[in-house]
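Participant: My questions will all concern the structure given below.
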Amino acid sequence: MTGDLFSKFDDIIALRQSLLAGGGEDPFSLVMEKVLSPTRAICNGRDTILLGTYNYMGMTFDPDVIQAGKDALDNYGAGTTGSRVLNGTYQGHKECEEALKEFYGMDHAMVFSTGYQANLGIISTVAGKGDYIVLDIDSHASIWDGCALGNAEVVPFKHNDIDAMEKRLKRIPEGAGKLVVLEGVYSMLGDIAPLKEMIAVAKANGAMVLVDEAHSMGFIGEHGRGVAEAQGVLEDVDFVIGTFSKSVGTVGGFCVSNHPKFEVLRLVCRPYVFTASLPPSVVATAATSIRKLMHGGEKRAHLWENSRTLHGGLKQLGFQLGTDAPQSAIIAVIMPDLQKGAAMWEALLKEGLYVNLARPPATPANMTLLRCSLCAEHSAEQVQTILGMFERAGKAVGII
Amino acid sequence: MDRAEVETRIRSLIAPFNKKGADIADATTFAGDLEFDSLTVMDFVAAIEDEFDIIISMNQQAEIENFGQLVDAVCKLSDK
C-alpha cells in the first residue's frame, strides 16, 4: 500500500473547509479582474479600494516607469532566458544596480529575481558552517528559509529584545563568525526595530549586520533608505536587503553593501546563479522607479499623513491596533480570533475594501490580523471612506 | 554540574510551561506529551539558555524531542 504523502496537510484542509463552510468568500483566492490604479481594482466583480498591496509609493502606474518597461520590451525582448552569470546580464541589469548604488550611496549592489531569493541567497552564503546567525524571532519567512538553506548555527531571540540579543551574542564561542539579522519594519504589526541600539550591540560583539528594509524603502529616512538611515546607523549596516515588489512597484530583490569583497557573491551565491535573471522590462521599470523615488519628498509626506489619519481614526473607532502610534505605512488591526477575522475581512470586501488577512503561523503570538498597507496615492478622501467602511463592517461583525 | 542537578533545575523551569501538569520522565516529549507549540518552545528554550548561560541553537533543538535528551544536551553544553 502506498502512504499518501498529502495526509500531513489534512489539518490545513479541514481548517480551510470549516472557514468556507459559512458560505463566505475565500480570503486566499481573491482575483483582481481589472486594476484601475495603484489604489483601485475590480476584485471578485466589485470596485474595490486596495489597502493591502504594499504598493507604498504607488509606482505601479507611473507613466515614466511604464514607458521604460515598454521600451525595454521593444528593444531587449520578453526575457533573458539565462542566469546573471551566463547570458542573463543585460545593460538594464547593470543600470538597475547603478541606480541602487546611487539610491543607497553604497559601493556594491546585486539584483536578485525576487526579494525572497535575496534573503535566501545572502544569508545562506554569507553564514557558513561553524558561523552563528542571531536573528529576531519575528523575522520574515525568507530570512528563516535562508537560515535553513545554509549550514550555520541559528539562534533566535525575542522580538526587538536588545538584552536577549546581547546575551546570545556573548555566549557564542570565541572565534566563531557572527551575523545578526534584523528588519527595519516588521510587516505583521508594522512596528520598527530599535536598530541604533541593536546594531551598536552587534558591532560591540564583533558581528556583521544584515538589515531587511523591504517595508521602509522609499519613505522612511531622509533619502528613503530605510529605518537604519532614519536612526543614523546605515553606515554600520554590512548588508541591506530590499525588494522591488513594494515601493519600487515591480518584482525583484537586491542586496547593497560596502564590503570590499562583495562582488565574489555573484560567483558563490546559489539563488543568484542557478535561476534566470529578471526580464529586461522589469529591471527597466525598477531602475526608473528607484531614480524617481530619490525625489519623492511630497509623496512621502502624504503617505505619512495617510498613515497617521488611518491609525488615529481606527483607534478612535475602538479597534485594537498592532502599534500605539503609526510607525510605518502598515497598520495592523488585531482580530479577536480567526473566525471573526475572516468575517470582518469578508464584510470589508463587500463594502469594497481589500486588506490582507494574516493568520498563524505567519503572525506573532498566534494573532489574527487585518493588515492595512497605505499608498501615497490614496487620497485623503479615500482614507475617510476606508474609515467609514471599517466602522460599518466592525459593527456588523460585532468587533466594535 | 552533575546530571541530577541539571535535571532538577530543568524540572523547576518546566513547571510554568506544563499547563496540564503532566508527569515528566526522560521519555516525555515536548511536542506530543506536553503539547508545546512553537511559541512555548521559544520561551522555554530562552528560559533554559538564561538559567545555564548556554546557547541551544535551532539546529541543536531539532535533535531534542524528549526531556531526557534535553537534560543530556544541557549537561554537554554547560560542560564546555
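The values are calculated or read from the model by the stated rules, or taken from the named source; none is laboratory data. Everything numeric here is computed off the predicted structure, so don't read it as measured data. In this analysis, Cβ positions are derived from the backbone assuming ideal geometry, glycine residues included, and neighbour counts consider all displayed protein chains. For accessibility, only protein heavy atoms count, side chains too; no ligands or nucleic acids. Shrake-Rupley method; radii C 1.70, N 1.55, O 1.52, S 1.80 Å.
Participant: What's the percent breakdown of Cα-Cα distances in the protein assembly as shown across 20 Å bins, shortest bin first?
Facilitator: Each 20 Å bin holds this share of Cα pairs: 22, 52, 25, 1.
Participant: List the lysines whose Cα lies under 28 Å from the Cα of A:Lys170, skipping any in the same chain that are fewer than 8 positions away.
Facilitator: A:Lys129, A:Lys158, A:Lys178, A:Lys196, A:Lys203, A:Lys261, B:Lys76, B:Lys80
Participant: Nearest 20 debye, what's the magnitude of the dipole of region B:24-74 about its Cα centre given +1 on Lys and Arg Cβ and -1 on Asp and Glu Cβ? Present the calculation step by step, with values, prior to reporting the outcome.
Facilitator: On the way: 0 positive and 12 negative charges, 17 e Å.
Once rounded to the nearest 20, the dipole reads 80 debye.
Participant: Whenever you get a sec, line up A:Phe274, B:Phe17, B:Phe52 from highest to lowest accessible area (probe 1.4 Å, protein heavy atoms).
Facilitator: Values: A:Phe274 150, B:Phe17 40, B:Phe52 20 Å².
Per-residue accessible area, sorted high to low, gives A:Phe274, B:Phe17, B:Phe52.
Participant: Hey, another quick one. Could you work out, for region A:29-128, what percent of all Cα-Cα pairs fall into each 5 Å distance bin, beginning at 0 Å and stopping at the bin that holds the largest distance?
Facilitator: 2, 9, 12, 17, 18, 16, 13, 8, 3, 0
Participant: Compute the signed sum of charges (Lys and Arg +1, Asp and Glu -1) over the other residues within less than 9 Å, Cβ to Cβ, of A:Gly150. Numbers along the way, then the final one.
Facilitator: On the way: positive: A:Lys129; negative: A:Asp131.
Taking every Cβ under 9 Å from that of A:Gly150, the sum is 0.
Participant: Rounding to the nearest 10 and keeping the result within 0 to 90°, find how far the Cα-based axis of helix B:38-52 lies from the longest principal axis of chain B.
Facilitator: Roughly 30 degrees, rounded to the nearest 10.
Participant: So, one more: Extension gain A:Phe274-A:Gln17, at 0.36 nm per residue separation less the Cα-Cα distance, in nm? List each step's numbers first, then the result.
Facilitator: Numbers: separation 257, 0.36 × 257 = 92.52 nm, distance 3.77 nm.
Once the chain is fully extended between A:Phe274 and A:Gln17, it gains 88.7 nm.
Participant: How many partner chain Cβ atoms sit within 10 Å of a residue's Cβ in peptide A:164-175, on average, as a whole number? Don't skip to the answer; put the middle values down first.
Facilitator: On the way: counts 3, 0, 0, 5, 5, 1, 2, 7, 2, 2, 0, 0.
That average works out to 2.
Participant: May I ask for the Kirkwood hydrodynamic radius of region A:279-400, worked out over all distinct Cα pairs and given in angstroms to one decimal?
Facilitator: Values: mean 1/r = 0.0642 Å⁻¹.
Radius from the Kirkwood sum: 15.6 Å.
Participant: Subtracting the Cα-Cα distance from 0.36 nm times the residue separation, let me have the gained length for A:Ala200 to A:Thr2 in nm, one decimal. Don't skip to the answer; put the middle values down first.
Facilitator: Values: separation 198, 0.36 × 198 = 71.28 nm, distance 5.51 nm.
Length gained between A:Ala200 and A:Thr2: 65.8 nm.
Participant: Which whole number of Å³ per residue matches the convex hull of the alpha-carbon atoms in region A:276-318? Walk me through the numbers on the way to the answer.
Facilitator: Numbers: hull volume 4.1 nm³, N = 43.
Per residue, the Cα convex hull of region A:276-318 comes to 95 Å³.
Participant: List the residues of region B:40-66 whose accessible area drops by at least 30 Å² when all protein chains are present, compared with their chain alone, using a 1.4 Å probe and counting only protein heavy atoms.
Facilitator: Listed by number, the residues meeting the 30 Å² cut-off are B:Met42, B:Glu49, B:Asp50, B:Asp53, B:Ile55, B:Ser57, B:Met58, B:Asn59.
Participant: Could I ask something else about it? Positive end of the dipole of region A:258-400, charges at C-beta (+1 Lys, Arg; -1 Asp, Glu), about the Cα centre: which of A:Ala362, A:Phe274, A:Leu317 has its Cα farthest in that direction?
Facilitator: Value computed over the given set: A:Phe274.
Participant: So, taking all protein chains as they sit and a 1.4 Å probe, how much accessible area belongs to B:Thr29, in Å² rounded to tens?
Facilitator: 40 Å²
Participant: Moving on to the next point. Taking the full set of protein chains and a 1.4 angstrom probe, give the accessible area of A:Ile143 in square angstrom, rounded to the nearest 10.
Facilitator: 0 Å²
Participant: Dipole of chain A (Lys/Arg Cβ +1, Asp/Glu Cβ -1, origin at the Cα centre): which of A:Gly206, A:Gly77, A:Met335 lies farthest to the positive side?
Facilitator: A:Met335
Participant: In addition: Convert 20 °C to kelvin, take the viscosity as 1.002 mPa s, use the Kirkwood radius over C-alpha pairs of region A:62-114 as Rh, and evaluate the Stokes-Einstein diffusion coefficient in µm²/s, rounded to a whole number.
Facilitator: 174 µm²/s
Participant: Using +1 on the beta carbon of Lys and Arg, -1 on that of Asp and Glu, and nothing else charged, what's the dipole of region A:235-284 about the Cα centre, debye to 20? Don't jump to the answer; show the numbers that get you there.
Facilitator: On the way: 4 positive and 4 negative charges, 55 e Å.
Here the size comes out at about 260 debye.
Participant: To continue, here is another question. Report, please, the projected area of chain B averaged over directions, based on the convex hull of its C-alpha atoms, in nm². All intermediate terms of the calculation are to be shown ahead of the outcome.
Facilitator: Working: hull surface 18.8 nm².
Computed as one quarter of the Cα hull surface, the answer is 4.7 nm².
Participant: Compute the relative contact order of chain A as a whole-number percentage, counting only Cα pairs closer than 8 Å that sit 6 or more residues apart in sequence.
Facilitator: Numbers: 810 pairs, mean separation 89.2, N = 400.
That works out to 22 percent.
Participant: Measure out, as a whole number of angstrom, how far apart the alpha-carbon centroids of region A:291-344 and region A:98-160 sit.
Facilitator: Region A:291-344 and region A:98-160 have Cα centres spaced 27 Å from each other.
Participant: Also, I was wondering about something else. Hey, what number do you get for chain A at 222 nm if only DSSP H runs of n ≥ 4 count, each worth -39500 (n - 2.57), divided across all residues, to the nearest 500? Present the calculation step by step, with values, prior to reporting the outcome.
Facilitator: Details: 14 runs with 160 residues, N = 400.
Value at 222 nm, helices only, nearest 500: -12000 deg cm²/dmol.
Participant: Anyone know which of A:Thr288, A:Thr385, A:Thr250 comes out most mobile in the 10 Å Cα GNM of chain A?
Facilitator: Ranking A:Thr288, A:Thr385, A:Thr250 by mean-square fluctuation puts A:Thr385 first.
Participant: So which trypsin sites (Lys or Arg not before Pro) in region A:260-334 are both in a DSSP loop and have at most 12 other Cβ atoms within 10 Å of their Cβ? Before the final figure, lay out the partial values.
Facilitator: Numbers: sites: A:Lys261, A:Arg266, A:Arg291, A:Lys292, A:Lys299, A:Arg300, A:Arg308, A:Lys315; in loops: A:Lys261.
Of the trypsin sites (Lys or Arg not before Pro), the ones in loops of region A:260-334 whose Cβ has at most 12 other Cβ atoms within 10 Å are A:Lys261.
Participant: Using a 1.4 Å probe and ignoring any ligands, DNA or RNA, find the accessible area of B:Asp2 and quote it in Å² to the nearest 10.
Facilitator: Probe radius 1.4 Å; accessible area of B:Asp2 about 90 Å².
Participant: In whole Å, what are the Cα extents of region A:168-227 along the three principal axes, biggest one first?
Facilitator: 39, 24, 16 Å, listed from the longest principal axis down.
Participant: Hey, got the dipole for the protein assembly as shown? About the Cα centre, +1 on K and R Cβ, -1 on D and E Cβ, debye to the nearest 20? Working shown, then result.
Facilitator: Working: 42 positive and 62 negative charges, 194 e Å.
With only Lys, Arg, Asp and Glu charged at Cβ, the dipole is about 940 debye.
Participant: OK, next. Gain in length, A:Leu317 to A:Leu267, computed as 0.36 nm per residue apart minus the alpha-carbon separation, to one decimal in nm?
Facilitator: On the way: separation 50, 0.36 × 50 = 18.00 nm, distance 5.38 nm.
Using 0.36 nm per residue and subtracting the Cα-Cα distance, I get 12.6 nm.
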